[in-house]
1. Out of all the residues in the stretch B:72-88, which are farther than 22 Å from A:Ala157 by Cβ and among the small types (Gly, Ala, Ser)?
2. Between B:Thr40, B:Thr6, which is more than 11 Å from every other protein chain (Cβ to nearest Cβ) and of a type in the set (S, T, N, Q)?
3. Exactly one condition in (1) within 20 Å of A:Ile164 (Cα to Cα); (2) part of a helix (DSSP H, G or I); (3) facing another protein chain (nearest Cβ under 10 Å) is not met by A:Arg66; state its number.
4. List, please: which pairs have Cβ atoms under 7 Å, are six or more places apart or on different chains, and start with a residue in the stretch A:181-193 that is among the small types (Gly, Ala, Ser) and end with one that is assigned to a helix (DSSP H, G or I)?
5. Identify all residues within the stretch A:69-93 that are free of Cβ contacts under 8 Å to residues at least 60 places away in the same chain and either away from chain B (no Cβ under 14 Å) or not in a loop (DSSP other than H, G, I, E, B) (or both); write none if there are none.
6. Looking at the stretch A:154-177, which of its residues are among the charged types (D, E, K, R), out of contact with any Phe, Trp or Tyr (no Cβ under 9 Å at 6 or more places or on another chain) and closer than 18 Å to A:Arg66 by Cα?
7. Check B:Ala159 against each of (1) in a helix (DSSP H, G or I); (2) within 14 Å of chain A (Cβ to nearest Cβ) and name the one condition it does not meet.
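Computed from the coordinates by the stated procedures, all read-outs in this text should not be read as laboratory data. Predicted, not measured: the structure shown is a model, and the values here were computed from it. Cβ: placed from backbone, ideal geometry, glycine included. Neighbour counts: every protein chain shown.
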Amino acid sequence: MDNVRPPRNNVWMTVANEPAILLEARALGFLRQDELVFGPLDFVLHAGEIALVEGDNGSGKTTLMRVLTGMLRAGEGEVRLEGAAFSLDTMAGAVVFLGHHLGLKLDLSPRENLAVSTGLYGQRDGANADAALAEVGLAGYEDEPVRRLSAGQKKRAALARLLIVPARVWLLDEPYANLDREGIAMVNRLLAQHTARGGAALVTSHGAVSFAGGEPRRIRLHA
Amino acid sequence: MTPGSTPAACAALLRRDLTLAWRRRGDIAMPVLYALIVATLFPFALGPDPLLLGRIAGGVVFVTVLLAILLSLDNLFRADIDDGSMEQLMLAPQPLALLVGMKILAHWITSALPLIVVAPLLASMLKLPTDTMPVLVIALVLATPLLSLLGAVLVALTAGSRRSGMLLALMLLPLCVPVVIFAAGAVAAAQEGLPWIAPIAWLGAGLVMALVLAPLACATALRIAMDT
């Protein structure tokens, strides 16, 4: 993996060593029946940065993720992506989202599922499906229908998508769920490679997580 | 095709849906089987009078085909919403309306096209005069995509609710009526030796309008359905 490639858009490098802000939330809040599910929340996510969203069950972690993807409309505040106010129509594949529903077709193989993602989101330079599947530990299972894989293997098949699409912002909702110790290390490795490339990631988890590249920024949600 | 470009995305989605349909071939066969059974039962119920059967053949074929399409319609977006694929489609850089249009096209290919293929067989079982057969096929080719598109809008509208099958059937009924009137009207006119081009033109006009508007309406309705 050539993970030290300079970012395609070099403009932000000129701003005196301060990495560009990829994702920004300003007084972001979400209302369900006039009741605040989370927020108001302010945070910024710079290029090359991982933020960990912490909170108890029901504190709105998944809701926050869905608001950040634009699928849920924020009740208050705004989300800005690379400085521009964003919506589902304008963000154009800059964000990749991995939620509780993995978005895999059970009757297709991991390789076929990846081909769909590549078709929709595009392919990062130098990435290919076989290498991505080997990286997530699915070598030998490329052509097995996803239906026959275990829960952890399904998760890995979904994570392989992160390796081939060019999106710079990863929104990962509980990426560690269902994974074994080796899988957790694998997710951390993917995140480290991603930040080294100048990408950013927002990760929710209610378990203790340690990243190889030092302490992540923490965003705390209160129930 | 560059991956991520609009044609590549459409092709990938179309290929996905067709592959999925092929892996579950039994589901494709069901509407065809249903239409075959219904059309077979009519002569038994009404008696084998060729004149009577010939007169009702066009109408019976259209109603049968319409109901058979309705059977498969409910599942159009359900699977994608349940397994998270719809979220992935929404976040893709391509316009959602276009991707939804591809899904409708795949649905039409897998559920309506087999019915169009067997329709002449059904019609000849019901003693429809052979010279009106081309009109029947033309009317079906225009009417079935129109039904798929109208149905897809309603499926998208009811996608938020769980047991939506009944609601869907009720809402689709008034939209089906003009389609059936024009399609069966064309065949009836051809049978009586009258010009049949006018009802076909109406179907065509409806189809063009639905082609443009239905995917947009679907995309908006799906966004609302996911916004919960």
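1. Matches in the stretch B:72-88: B:Ser72 only.
2. Checking each option against the conditions leaves just B:Thr40.
3. (1)
4. Matching pairs, first to second residue: A:Gly183/A:Gly152; A:Gly183/A:Arg156.
5. Once the filter is applied, which keeps residues that are free of Cβ contacts under 8 Å to residues at least 60 places away in the same chain and either away from chain B (no Cβ under 14 Å) or not in a loop (DSSP other than H, G, I, E, B) (or both), the stretch A:69-93 yields A:Glu76, A:Gly77, A:Glu78, A:Val79, A:Arg80, A:Ala84, A:Ala85.
6. Within the stretch A:154-177, A:Arg168, A:Glu174 meet the criteria.
7. Evaluating B:Ala159 over (1) in a helix (DSSP H, G or I); (2) within 14 Å of chain A (Cβ to nearest Cβ) leaves (1) as the failure.
Residue by residue, here is whether (1) in contact with a strand residue (DSSP E or B) (Cβ under 8 Å, 6 or more places away or on another chain); (2) of a type outside the set (D, E, K, R); (3) touching a residue at least 24 places away in the same chain (Cβ under 8 Å); (4) within 24 Å of A:Val79 (Cα to Cα) holds:
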position: A:Val95; (1), (2), (3), (4): yes, yes, yes, yes
position: A:Gly126; (1), (2), (3), (4): no, yes, yes, no
position: A:Leu149; (1), (2), (3), (4): no, yes, yes, no
position: A:Ala157; (1), (2), (3), (4): no, yes, yes, no
position: A:Arg168; (1), (2), (3), (4): yes, no, yes, yes
